[in-house]
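Let me begin by presenting the structure, written as structure tokens, before commenting on it.
The values are calculated or read from the model by the stated rules, or taken from the named source; none is laboratory data. Remember, predicted model here, so these are calculated numbers, not experimental data. Note that each Cβ is placed from the backbone with ideal geometry, even for glycine, and that neighbours are counted across all protein chains shown.
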Amino acid sequence: MATTDLESLPPDRAISAVTHDGSFRVIAVRSTRTVRGLVKSQRATGPTVENLADLTAGTILVRLTMAPNYRVQGIIQGAGGHGTLVADSWPDGGTRGLARANSPVVFGEGARMQVMRTMPNGAMHQGIVEVSREHRVSGAVMNYLLESEQVTSALGVASVVSENEVLISGGYVVQLLPECTEPPLAVMYERLRHDFADLSRVLVEVDGDPDKLVAEILAGMDYTRTTEFDDLDFRCRCSSERVLASLATVGKAELEDMIRKAEPLSITCDYCQQEYQVQTEMLRGLLTAS
């Protein structure tokens, strides 16, 4: 696959579909633009690019499966506590992320994924699962859905990376519904085990198109396309107002020290690397308000 400029990439989107026999619900997502922006903002390189891409796709799938109208965060800490990856997906479709790793995050014994999602009552639901070397992010997200959400599913996320640039990223979740019986379950299991073992190849074949991916997964089954999510993209939440709000929590002595230096304060957003200049007059305003 050739590299494509970000502006030329098709918009990220996801769709959901339900089979007519009530056996399966499928959600498929294309997250290439989102991941491309996120990786660039974090200046990620090497294995971190693929790991961050897969975590992002998996976190978006959890949000669309469990709580489309609420925020979901996926956090991976590497084995031995070395390195942290974060994907932060919001109900407006925007996703941002972080890569805190001096060396690539290693999966296997000791590697953990924490998933946190906001509940309708404002509470936080969270679960922690292992990230195995064999099943990686896909297996971790699938285990989270089973263990913390009691959702039995098959899930896959994958990406194609060339020279630290994400060419394609996405994935799917196949949720077993209460009416699912053994015959369709056996057919679905064999199809996913054989035809989707190399999900990167499949994503290339369907050009990441979620409609085509759903059609491949549900080949030979009647289904109805139920929902489309067409607002997905990389978006940060930072602003000058939020920067000032964070400074308002700083102690009076610290604010006075900043003012005495009589120099603009430079603050950079960890998520998008946007730099904000806070003038001394603004700091005096915060001191007066406090």
* **Unmet criterion (only one of (1) in a helix (DSSP H, G or I); (2) at positive phi) for Glu147** => (2)
* Of the residues in the range 228-255, how many are among the β-branched types (Val, Ile, Thr) and either at pLDDT 95 or above or surrounded by 17 or more Cβ atoms within 10 Å (Cβ to Cβ) (or both)? -> 1
* Restricting the range 205-230 to residues that are charged (D, E, K, R) and in a helix (DSSP H, G or I), the residue that is farthest from Ser23 (Cα to Cα) -> Glu205
* Asked: Can you find even one residue in the range 192-200 that is touching a Ser or Thr at 6+ places or on another chain (Cβ under 9 Å) and hydroxyl-bearing (Ser, Thr, Tyr)?
  -> yes
* Cβ-Cβ under 8 Å pairs, at least 6 apart or on other chains, the range 57-70 side farther than 13 Å from Phe229 by Cβ, far side assigned to a loop (DSSP other than H, G, I, E, B) and among the hydrophobic types (A, V, I, L, M, F, W, C) -> Met66/Val151; Tyr70/Met119
* **Number of the exception - Tyr70 against (1) part of a loop (DSSP other than H, G, I, E, B); (2) more than 21 Å from Glu149 (Cβ to Cβ)** => (2)
* Asked: Glu163: more than 21 Å from the chain's Cα centre (by Cα) and under 19 Å from Thr34 (Cα atoms), yes or no?
  -> yes
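One line per residue, one yes/no per condition, for (1) surrounded by 20 or more Cβ atoms within 10 Å (Cβ to Cβ); (2) assigned by TED's automatic domain parsing to the domain that holds Leu176; (3) touching a Gly at 6+ places or on another chain (Cβ under 9 Å):
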{"residue": "Thr56", "(1), (2), (3)": "yes, yes, yes"}
{"residue": "Leu64", "(1), (2), (3)": "yes, yes, no"}
{"residue": "Leu85", "(1), (2), (3)": "yes, yes, yes"}
{"residue": "Ser89", "(1), (2), (3)": "yes, yes, yes"}
{"residue": "Ala101", "(1), (2), (3)": "yes, yes, yes"}
{"residue": "Ala111", "(1), (2), (3)": "yes, yes, yes"}
{"residue": "Arg133", "(1), (2), (3)": "no, yes, yes"}
* Structure fact -> Scanning the range 117-131 for residues that are touching a residue at least 40 places away in the same chain (Cβ under 8 Å), surrounded by 16 or more Cβ atoms within 10 Å (Cβ to Cβ) and either closer than 20 Å to Val29 by Cα or among the hydrophobic types (A, V, I, L, M, F, W, C) (or both) gives Arg117, Val131
* Based on what the data block shows, is Ser41 among the hydroxyl-bearing types (Ser, Thr, Tyr) and touching a Cys at 6+ places or on another chain (Cβ under 6 Å)? -> yes
* **Extreme residue, farthest from the chain's Cα centre (by Cα), among residues of the range 253-277 that are more than 18 Å from Cys236 (Cα to Cα) and among the charged types (D, E, K, R)** => Arg260
* Structure fact -> If you go through Val166, Val151, Val174, Val141, the only one that is over 30 Å from Gly81 (Cβ atoms), surrounded by 14 or more Cβ atoms within 10 Å (Cβ to Cβ) and β-branched (Val, Ile, Thr) is Val174
* To do: Spot the failing condition for Asn102; the list is (1) farther than 20 Å from Ala154 by Cα; (2) in contact with a helix residue (DSSP H, G or I) (Cβ under 6 Å, 6 or more places away or on another chain), and only one is missed.
  => (2)
* Structure fact -> When the range 231-290 is checked residue by residue, the ones that are within 30 Å of Leu38 (Cβ to Cβ), among the polar types (S, T, N, Q) and assigned to a helix (DSSP H, G or I) are Ser240, Ser246
* Asked: Can you pull out the residues in the range 73-104 that are assigned to a loop (DSSP other than H, G, I, E, B), of a type outside the set (Gly, Ala, Ser) and under 14 Å from Asp231 (Cα atoms)?
  -> Trp90, Pro91, Asp92
